[in-house]
There are 2 protein chains.
Amino acid sequence: MTIEQGLVKEIASIVGEENCSTRAADLYTYGFDSSIHHHNPDIVVRPKSTSEVSELIRIAAREGIPVVPRGGGTGLCGAAVPIMGGMVMDLTRMNEIKKVRVNDLYCVTQAGVVYDRLNEALAPYKFFFPPTPGSGEACTIGGMVATNASGMRAVKYGASRDYVLGLEVVLADGSVIHVGTNTIKNSSGYQLERLFVGSEGTLGVITEITLRVAPKPKKAAMALAAFDRLEDAGTFVSNLISLPLIPSATELMDDICIRAVNKAVKAGLPDVQAVCMIEVDGEPEMVAKELKIVEEVARRSGAVTVQTSDDKEQMALWTSARKSVMSALSRLGDELVSVSLADDMAVPISRIPEAVVAFHRIAEENRVIVGTYGHAADGNLHTKMLLNPCSEDDWIRGEKAVGQIFDTVIALGGTVTGEHGVGMSKAPYMMKERPDAWGTMLLLKKAMDPQNILNPGKMMQWEGGIIRDLRYPCRDICDLR
Amino acid sequence: MTIEQGLVKEIASIVGEENCSTRAADLYTYGFDSSIHHHNPDIVVRPKSTSEVSELIRIAAREGIPVVPRGGGTGLCGAAVPIMGGMVMDLTRMNEIKKVRVNDLYCVTQAGVVYDRLNEALAPYKFFFPPTPGSGEACTIGGMVATNASGMRAVKYGASRDYVLGLEVVLADGSVIHVGTNTIKNSSGYQLERLFVGSEGTLGVITEITLRVAPKPKKAAMALAAFDRLEDAGTFVSNLISLPLIPSATELMDDICIRAVNKAVKAGLPDVQAVCMIEVDGEPEMVAKELKIVEEVARRSGAVTVQTSDDKEQMALWTSARKSVMSALSRLGDELVSVSLADDMAVPISRIPEAVVAFHRIAEENRVIVGTYGHAADGNLHTKMLLNPCSEDDWIRGEKAVGQIFDTVIALGGTVTGEHGVGMSKAPYMMKERPDAWGTMLLLKKAMDPQNILNPGKMMQWEGGIIRDLRYPCRDICDLR
């Protein structure tokens, strides 16, 4: 579809010439997010206000053009890829923090505010928005809410959904609604503010967010526990939780990830089957006390070494080693790159050892390499598959392994996505995970977007909004190399 | 509507004769919840399983009979009153706690489990489900989820919505769906588990709930701060929050409530304009430290006296004084009873003093007595109006005051219900509070329950589901005295 010049002019008159493009380079660039998928949009717009978003959606509704909202473009599942063309709506110019009301325990931000910027604004008040996604330097609050993003601190502090008090949303007909409240709690009708969380732009475009804020912990400390058996790392986490002691982070890395970061960034991690990085935070005296308990429980659970530290530099090194896993994996083997094919599964916490052992077996059987890491105490496991992207055979074996990994996760009572969202990558598997519930999701989608213009082709299959077969987008990218 | 004998037999064959009634006494009893509303159902059923609920709803759908689910009947807004007759579905026989998996941080309960029973079952594991509703001895988990109930600990621990990981729900056609997961977080499609929270049985009947559980604090302590000026109590709470120090409870009572409990239960509270009961909880050393801070901040904020205690008996006395407010108010003046007319408003925390001052002014202007108390640190204020229930003039003045109180709350950026729900009492005001959003709620209701058989006549106005004028139910009750 090409958008005719008259329409381009009408759109440009809303956002300004400089915030509207049909140039090939822009369309190509905005055809990506951080996933393996790609498709060019027909036009890119960068609105500055809710009223501009509303006007744009009114036009899209009139013309039947798909609208794909986009934040930082850091999503790993293709939710921001305009798979059916249309209008990509880059919301990063809507980057105003409108209110910081810490004595009312909330703040209000536009959708395009970057996660780290918001926390910088909250820091002087000794508050923060806790989810801590790995992409915090670039991802936006709007994107986080639209995917229910979280990160390594979710086990103690919850995910984005747990902080959304209210939203401003532009619906499929361009009308603007305000859902939720400025109060810490409400029982005032359907909790639409929570329905829009994780809806990935398919029910409306989120333009403004009222977030609960949390007191920022005064101090943190970390322990790095090394295990000769992966199962022991799992037992360690279960033992902590059932004390109960809820750490602020519990990052697990398997041997493949350890080797990758030791090779790529000289992280100097112990050469073992699994390491677990535990962070505890809070008041200084409690941090010291909890760190001691963490160390004891690690040893009791079979750790071969346990290092602890409250030195900021040492903790930053460990954190950065963990954060580098995704890129480091691409440097583990010649010609192999790390691909987000199966990724971001979550299982009940106690099933983690079983899950990781099964992933290793599946990898072996399909002759692919799968590195596993993740947020152990909330059961959220990330895997990256190492493939030669120019080998069709690698893709075929990889995709077979992906199916088996997701089947395993579903059989263990888990979910195919803990914090990244569904997008395109997970769509068939989400439907498999929720055989009796996705029909209700589709019913709501049809009620709220009868023309199917809001991020069509995502999350679920329906007439006119077909999810592309997983394989082909991979090959598209492959062809580009 | 009378249900014909053949149908009664069919229904009885599902739940058993003893769990199905059309006796006048039962119909009358099940026509109440704890609100001012009343209407007889046509039949009462007490299913024992999800499959019985499903079969019953299939029959209701076939026959076009309203279905009104009911937990402990402790709701204050009429959500469980079968205002259009039909079938009241008492879920209290579905009282099995199906799983306690603290090392996975969740438990699974049937809808009819009573709040305190669940916490008794979690206690040996050192975990709990925190919301702490005032009616915890009687209210059910299903009812709490259906109304997004909470209580005095919401400021620190959140409301029911923040703990719902997954639900089993029977839809309007009798089909059973499973939404959410057994994992701490998920981004797997629309968060339907959160949409059903607070839907008051209008979108489906919740039969089973997967709840996140939280570590039970080891210790608690309380401070009782007395203020000569209500505004100082508000400043005190704001000062604490912005430190930040988030107490586990902050119970405010105005002079009317103080007088009432001192008269009715000899609580011995200081005879001042306002008292604030603060609870802090957690690890023993932190509790002691925080209690000291609370005391200092109270004095700095103008408290005339501050008592502190970590003695269980003393704390139980204070808590019981606070819990007795609702009934004590009925004994404050001759012939006056305490009525839930305006109740359960929430405002941004810092607006509490303005709100309470306005409530007092409105009461005076309308010559009614309004006692105000509530959970100050989450902005949740309860008012009770003292009326002579046999005086039509009292009702008229009371209802005028109610409208003014809700208008004030909406103008302060608040909500007409923080934790009780909408039901009938709040329906017109919820629509006023959310002028641009309730249309979307109605759209979803129509999509999910096109026949309008699930708790019809509640929450919103629509064709065929008219909300009764507030006044008449009050008079109905009045006529019965």
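The values are calculated or read from the model by the stated rules, or taken from the named source; none is laboratory data. It should be emphasised that the depicted structure is a prediction, and the values quoted were computed from it without experimental measurement. Here the Cβ is made from the backbone with ideal geometry for all residues, glycine too, and neighbour counts use every protein chain on show. The protein model used for the area step is the full one, side chains on, heavy atoms only, and it has no ligands, DNA or RNA in it. Shrake-Rupley method; radii C 1.70, N 1.55, O 1.52, S 1.80 Å.
Inter-label distance, B:Lys219 to B:Ser49: 4.9 nm, where each label sits 7 Å from its Cα along the C-beta direction. The length gained by stretching the chain between B:Cys390 and B:Lys266 to full extension, at 0.36 nm per residue less their Cα-Cα distance, is 41.8 nm. So, counting K/R as plus one and D/E as minus one, what does the shell of residues with Cβ under 14 Å around B:Ser350 add up to? Cβ neighbours under 14 Å give a net charge of -2. When the Cα positions of B:Thr383, B:Leu118, B:Gly73 are compared along the charge dipole of chain B, B:Leu118 comes out farthest toward the positive end, with charges on each C-beta of Lys, Arg, Asp and Glu. Shape analysis of the protein assembly as shown places it in the prolate category; the axes a ≥ b ≥ c from the Cα gyration tensor give an a/c of at least 1.5, with a/b above b/c. Accessible area buried by the pairing of A and B, both sides summed with a 1.4 Å probe, works out to roughly 6800 Å². Sparse packing (at most 11 other Cβ atoms within 10 Å of the Cβ) combined with a DSSP loop state is found for the following trypsin sites (Lys or Arg not before Pro) in the range A:253-297: A:Lys266. Beta bridges per DSSP, both residues in chain B: antiparallel share near 90 percent.
Note that the range A:102-110 has calculated 3J(HN,Hα) couplings of 5, 6, 9, 6, 9, 9, 10, 10, 6 Hz, one per residue in order, obtained from phi through the Karplus relation 6.51 cos²θ - 1.76 cosθ + 1.60 (θ = phi - 60°); glycine and proline are x. Averaged over the residues of peptide A:195-201, the number of Cβ atoms from other protein chains lying within 10 Å of each residue's Cβ is 4.
Packing order of peptides A:28-39, A:305-316, A:70-81, highest average first: A:70-81, A:28-39, A:305-316 (average count of other Cβ atoms within 10 Å over each peptide's residues). Between the listed residues B:Ala264, B:Ile11, B:Tyr28, the Cα displaced farthest toward the positive end of the dipole of chain B, a dipole computed from Cβ unit charges relative to the Cα centre, is found at B:Ile11.
Listed by chain and number, the lysines whose C-alpha is less than 18 Å from the C-alpha of B:Lys266, apart from same-chain residues fewer than 8 away, are B:Lys323.
Across the accessible surface of the range B:219-411, with the other protein chains kept in place and a 1.4 Å probe, carbon and sulfur atoms take up 50 percent. Annotation for the range B:208-252 versus the range B:101-142: alpha-carbon center distance of 21 Å. When only Cα pairs below 8 angstrom with a gap of at least 6 residues are kept, chain B shows a relative contact order of 15 percent. For a label point 7 Å from the Cα of A:Thr2 along Cα→C-beta, name the residues of the range A:19-53 whose backbone N is under 20 Å from it. Answer for this model: A:20-31, A:39-45. Around the amide H of A:Tyr106, modelled in the peptide plane, lie the amide H atoms of A:Arg101, A:Val213, all under 5 Å away and 5 or more residues distant in sequence or on another chain. In the context of the full set of protein chains, residues of the range B:219-411 present 37 Å² of accessible surface per residue (probe radius 1.4 Å, heavy atoms only). Dipole check for the protein assembly as shown: with +1 at the C-beta of Lys and Arg, -1 at the C-beta of Asp and Glu, and the Cα centre as origin, the magnitude is about 680 Debye. Computed from label points 7 Å out along Cα-Cβ, the spacing between A:Glu10 and B:Glu137 is 6.6 nm. Here is the list for the range B:106-172: GluC sites (Glu not before Pro) lying in DSSP coil, each with at most 16 other C-beta atoms within 10 angstrom of its C-beta, are B:Glu137. Packing here is the average count of other Cβ atoms within 10 Å per residue, and on that basis the peptides A:409-415, B:138-144, A:349-355, highest first, run B:138-144, A:349-355, A:409-415. For a straight C-alpha distance cut-off of 17 angstrom, the aspartates and glutamates reachable from B:Lys292 (same-chain residues fewer than eight places away being disregarded) are A:Glu283, A:Glu285, B:Glu279, B:Asp281, B:Glu283, B:Asp310, B:Asp311. Residues of the range B:129-168 with backbone nitrogen within less than 16 Å of a virtual label 7 Å along the Cα-to-Cβ line of B:Thr319, please, listed as ranges. Zone members listed by number: B:129-139, B:151-157. Taken about its Cα centre, chain A carries a charge dipole of about 700 debye when Lys and Arg each add +1 at the Cβ and Asp and Glu each add -1 at the Cβ. Counting Cβ atoms of other protein chains within 10 Å of each residue's Cβ and taking the mean over peptide B:99-106 gives 6. The charge dipole of the range A:219-411, taken about the Cα centre with unit charges on the Cβ atoms of Lys, Arg (+1) and Asp, Glu (-1), comes to about 220 debye, rounded to the nearest 20.
Here the simple spin-label model places points 7 Å from the Cα toward Cβ, and for B:Asp407 and A:Gln307 these points are separated by 6.7 nm. The simple Förster model, with R0 at 56 Å and r as the Cβ-Cβ distance, assigns A:Glu354 and B:Arg229 a FRET efficiency of 0.40.
Of the residues A:Leu252, A:Met89, A:Ala154, the one whose Cα sits farthest toward the positive end of the charge dipole of chain A, with +1 on the Cβ of Lys and Arg and -1 on the Cβ of Asp and Glu, is A:Ala154.
Inter-chain Cβ neighbour count for A:445-452, averaged per residue, equals 2 (cutoff 10 Å, partner chain atoms only).
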